[in-house]
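Some notes on the structure that comes next.
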Amino acid sequence: MPLTLYERETTINWNMLDTVVYIYTRMPAVMKHMELKLGFEPTKIHKDKFGNVQGKEYELPKSYIRLPQKPRQLSSEVRKAMADRLSTARLAKASKKPR
C-alpha cells in the first residue's frame, strides 16, 4: 500500500557527538536528490513485505546542512548603496574584458 502524504517525511538527526548527520526519508523526491544530485548512497534501505522501497537512510558530513538564518532587513538607503557598488563593479569588470 502506498504511503500517505503524512507518512512521507524526512527526519534529520544532528547531534554533538557524531561528525555526520543522519537523514531518514520516506520522500521519493528527497531520495532522488540525495542520490542523483548530491551523489550519496543510502546506508540502509527500508522495504515493505512486497519489496517496495518505503524509506532510505543516509549519512553525510555536517557541513552539508545549514541552519536557517533570519532574512536581512535592509533600509532603502543601504539597498541603494549596495546597488551602486554592484553597478560600479560590473562597469569596472566590463571595461577590463578584452574584445
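The phi torsions of the range 81-96, fed into the Karplus equation with coefficients 6.51, -1.76 and 1.60 and a -60° offset, translate into couplings of 5, 5, 5, 5, 4, 5, 4, 5, 5, 5, 5, 5, 5, 5, 6, 8 Hz, rounded to whole numbers, with Gly and Pro shown as x. Straight-line cross-link reach from Lys56 at under 22 Å between alpha-carbon atoms covers these lysines, not counting any fewer than eight positions away in the same chain: Lys32, Lys37, Lys44, Lys47. 3J(HN,Hα) along the range 21-26, derived from phi through the Karplus expression 6.51 cos²θ - 1.76 cosθ + 1.60 where θ = phi - 60°, amounts to 10, 9, 10, 10, 9, 10 Hz, with x in place of Gly and Pro.
Between the labelled values [x] 65, 37, 32; [y] 43, 31, 22; [z] 83, 30, 15, the entry that holds Cα extents along the principal axes in Å as derived from this structure is [x].
In order along the range 63-73, phi translates into HN-Hα couplings of 5, 7, 10, 10, 7, x, 10, 5, x, 6, 9 Hz, rounded to whole numbers, per the Karplus curve 6.51 cos²θ - 1.76 cosθ + 1.60 with θ = phi - 60° and x for Gly and Pro.
Based on DSSP H segments of at least four residues, each scored -39500 (n - 2.57), the chain has a per-residue ellipticity at 222 nm of -8500 deg cm²/dmol.
Amide hydrogen proximity for Met27: with H placed 1.01 Å from N in the peptide plane, the residues at 5 or more positions away or on another chain lying under 5 Å are Glu9. Which of Val20, Gln73, Pro61 sits closest to the plus end of the dipole of the chain, meaning its Cα is farthest towards the positive end, when Lys and Arg get +1 and Asp and Glu get -1 on the C-beta? It is Gln73, whose Cα lies furthest towards the positive end.
Bridging of Lys70 to lysines at a Cα separation below 26 Å is possible for Lys62, Lys80, once same-chain residues fewer than 8 apart are set aside.
Computed extension gain for Lys49 through Arg66, at 0.36 nm per residue and net of the alpha carbon distance, reaches 2.5 nm. The slack in the chain from Leu36 to Asp84, taken as 0.36 nm per residue of separation less the alpha-carbon distance, amounts to 13.3 nm.
Averaged over residues, the count of other Cβ atoms within 10 Å places the peptides 72-83, 3-14, 31-42 in the sequence 31-42, 3-14, 72-83, highest first. Only Lys, Arg, Asp and Glu carry charge here, each on its Cβ (+1 for the first two, -1 for the last two); on that basis the chain has a dipole of about 940 debye about its Cα centre.
Every number here is computed from the coordinates shown, using simple stated rules; none is lab data. As the structure is a computational prediction, the values presented were derived from the model and not from experiment. When we count neighbours, we look across all protein chains shown, and the Cβ atoms used for this are built from the backbone with ideal geometry, even at glycine.
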